[in-house]
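The structure appears below as structure tokens.
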Amino acid sequence: MKTLTGLRQFLAVCSTRNLTAAAASLGISQPALTQAIGKLEKQLGVELFDRSTRPLGITAYGAVLMEYAQTVERGNIDLMEKFEAMKTGSGGVLRFGCGPDWIHEILPRAICNLQDRNPDIRVELTVALNDVLLRKLDLGEIDFFFASISDVYFGSAYITRILIRDRMLVIAHNDHPIHQGRPKSLADVAGERWAMTGDETFGRQLMRRVFGHVDVEVPVPVVETNSVRAMLNIVRNSDMLGFLSQTHCNAYADISSVDMDVELPIREGGVTWRKDNPLLPAANLLIEEAQQVISGMFARP
């Protein structure tokens, strides 16, 4: 069956039971209304109104169509309200992802602040490593993601807004012997036991650049995992070292940075989306909230 036409005109006649009054309410002529109703009846092959009565009666077929048309009308109103909420940023669904370091403090606070102001916004959050997030972005499963930034991952098809810059650190639990004595060199820590994320993750890429710069072989991990949280907990409960950001280190009281004799690089983190899929207003509001949380964190004494 083809898409039904004339449902709005049909509902107007149902409401008034009078063609003249219905035409006036729609701002059209009575002949134009009569023609629209006739086309609808022809399309359905039934009579919708009993024209022998005054006011017009509604046939059994008309009663069924009226229930359907009212449902469609309510759906249209609901749809327009949702579109308006999405356009203003007060509603809609945010489908986004983030790297593990964003869920310790930044995004939970940003999401709560956003929903305090806009309770009709619904959030669908995926936590994963960069390669998984990028794949989900390309498949349309998420619309943007927060993560550490690496040119290896992100190219000209994407837009990235930098939100955070913090120092990368070699970390160990507070009682680890590595904290004793003089500041350590990269050669010193290379001989320790390590827990690391996967070979193609941002952290491993950065480690290769750091150790390669001083011609020290990158240590082979004793434990390799696709979970930053798992790596952190292994470091917290073993003699293994890890390589993570200051943000990660700040999130746990029982780990601390190893005093190094070289300055380790700055990690940049931010939000990334595809150029061909611009952000909705609600997404921009969330990014603003995340920026406020970050500013507060780095403003702490």
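The values are calculated or read from the model by the stated rules, or taken from the named source; none is laboratory data. Please read these numbers as outputs of a predicted model, since none were measured by experiment. Note that we place each Cβ from the backbone using ideal geometry, even for glycine, and neighbour counts take in every protein chain shown.
Checked against (1) at pLDDT 90 or above; (2) outside any helix (DSSP H, G or I), A110 passes all but a single condition, namely (2). Remark: pairs (first residue in the range 274-286, of a type in the set (D, E); second residue assigned to a loop (DSSP other than H, G, I, E, B); Cβ separation under 8 Å; 6+ apart in sequence or on different chains) = D276/A157. What do you reckon, is T247 of a type in the set (S, T, Y) and either within 18 Å of R204 (Cα to Cα) or assigned to a helix (DSSP H, G or I) (or both)? Considered against the rule, which asks whether it is of a type in the set (S, T, Y) and either within 18 Å of R204 (Cα to Cα) or assigned to a helix (DSSP H, G or I) (or both), T247 comes out as yes.
Restricting to the range 187-207, give me the number of residues that are exposed (fewer than 12 other Cβ atoms within 10 Å of the Cβ) and within 35 Å of the chain's Cα centre (by Cα). Residues meeting the conditions: 1.
Consider the range 161-177 and keep the residues that are surrounded by fewer than 18 Cβ atoms within 10 Å (Cβ to Cβ) and more than 25 Å from the chain's Cα centre (by Cα). The one that is nearest to L129 (Cα to Cα) is R167.
The single condition among (1) in a helix (DSSP H, G or I); (2) farther than 19 Å from I162 by Cα that E141 does not satisfy is (1). In the range 5-12 there is at least one residue that is surrounded by fewer than 19 Cβ atoms within 10 Å (Cβ to Cβ) and more than 13 Å from M66 (Cα to Cα). The set of residues in the range 205-216 that are within 22 Å of S238 (Cβ to Cβ) and either in contact with a helix residue (DSSP H, G or I) (Cβ under 6 Å, 6 or more places away or on another chain) or not aliphatic (A, V, I, L, M) (or both) contains only F211. The single condition from (1) more than 28 Å from L285 (Cα to Cα); (2) modelled with pLDDT under 95; (3) touching an Asp or Glu at 6+ places or on another chain (Cβ under 9 Å) that G203 fails is (3). Going residue by residue through the range 102-113, is there one that turns out to be touching a residue at least 40 places away in the same chain (Cβ under 8 Å), among the charged types (D, E, K, R) and touching a strand residue (DSSP E or B) at 6+ places or on another chain (Cβ under 7 Å)? The answer is no; no qualifying residue exists. Look at (1) among the small types (G, A, S); (2) outside the structural domain of C249 (by TED's automatic domain parsing); (3) part of a helix (DSSP H, G or I) and you find that S156 fails only one, number (3). Screening the range 208-231 for residues that are part of a loop (DSSP other than H, G, I, E, B) and surrounded by 15 or more Cβ atoms within 10 Å (Cβ to Cβ) and picking the one that is nearest to the chain's Cα centre (by Cα) gives S227. Annotation note: Cβ proximity below 7 Å between a residue of the range 232-260 that is in contact (Cβ under 8 Å) with a residue 40 or more places away in the chain and among the aromatic types (F, W, Y) and a residue that is in a helix (DSSP H, G or I) and crowded, with 16+ Cβ neighbours inside 10 Å (sequence gap 6+ or interchain) occurs for F243/G203; F243/M207. Restricting attention to the range 181-190, the residues being more than 17 Å from M240 (Cβ to Cβ) and not in a helix (DSSP H, G or I) number 4.
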